[in-house]
């Protein structure tokens, strides 16, 4: 079953165009993640947070990525990571172009 | 700027295939929402919640939908609605097929 992940964590930046430059290589790497349908990158300089929403083909792939990405973020010195996982209704999502 | 919304609210169902039948017309209506790029429908029978993630072209369209959908859910007798809004980094999201 497709699974949606929502990550959020404290960030002092970069944001916007600077983030797009700094994280381009990371984004290219993430685009090849097994089972990843898409990732939307989120950020809020006012709240000083960044994160992302991800749609994975299966719950197992979402769990594997959660482990991998949490470890990677910790390696960047990022703590206080909030991860939420949601089961997806694929039939309804197909009608609204989400799947 | 593209904006991601994440809705979640208490639900006793329907879920899964029953939800797909019950909400098909609503999904078709939502698919025509101004500025909506996609909606992913979420559900969790164990936690007794349902919701959705939405990507909108602009923050203004996301805010208009938040108002409209919150009112609609209240009309269904649904309370305790949690809505989160996230700014989207479009350049990075394009690399990961999210935009």
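The values are calculated or read from the model by the stated rules, or taken from the named source; none is laboratory data. Please read all numbers here as calculations on a predicted model, not as lab measurements. Reconstructed Cβ throughout: ideal geometry from the backbone, glycine too, with neighbour counts over all protein chains shown.
Hey, any hits in segment A:78-87 for a residue that's modelled with pLDDT of 95 or more, buried (at least 22 other Cβ atoms within 10 Å of the Cβ) and within 28 Å of residue A:16 (Cβ to Cβ)?
Yes, there is a match, as at least one residue in segment A:78-87 is modelled with pLDDT of 95 or more, buried (at least 22 other Cβ atoms within 10 Å of the Cβ) and within 28 Å of residue A:16 (Cβ to Cβ).
Any idea how many residues of segment A:21-34 are surrounded by 13 or more Cβ atoms within 10 Å (Cβ to Cβ) and in contact with a strand residue (DSSP E or B) (Cβ under 9 Å, 6 or more places away or on another chain)?
5
Which helices (runs of 4 or more DSSP H) sit wholly inside chain A and have at least 3 residues that are within 21 Å of residue B:53 (Cβ to Cβ)? Step through it out loud before you land on a result.
Working: elements: A:16-22, A:24-31, A:59-75, A:90-95.
By residue number, A:24-31, A:59-75, A:90-95.
So in segment A:37-67, with the set limited to residues that are over 10 Å from residue A:3 (Cβ atoms) and touching a helix residue (DSSP H, G or I) at 6+ places or on another chain (Cβ under 7 Å), which one is surrounded by the fewest Cβ atoms within 10 Å (Cβ to Cβ)?
Filtering segment A:37-67 for residues that are over 10 Å from residue A:3 (Cβ atoms) and touching a helix residue (DSSP H, G or I) at 6+ places or on another chain (Cβ under 7 Å), the one surrounded by the fewest Cβ atoms within 10 Å (Cβ to Cβ) comes out as A:43.
Give me the residue from segment B:1-13 that is over 14 Å from the mean Cα position of the chain (by Cα) and facing another protein chain (nearest Cβ under 10 Å) and, out of that set, surrounded by the fewest Cβ atoms within 10 Å (Cβ to Cβ).
B:1
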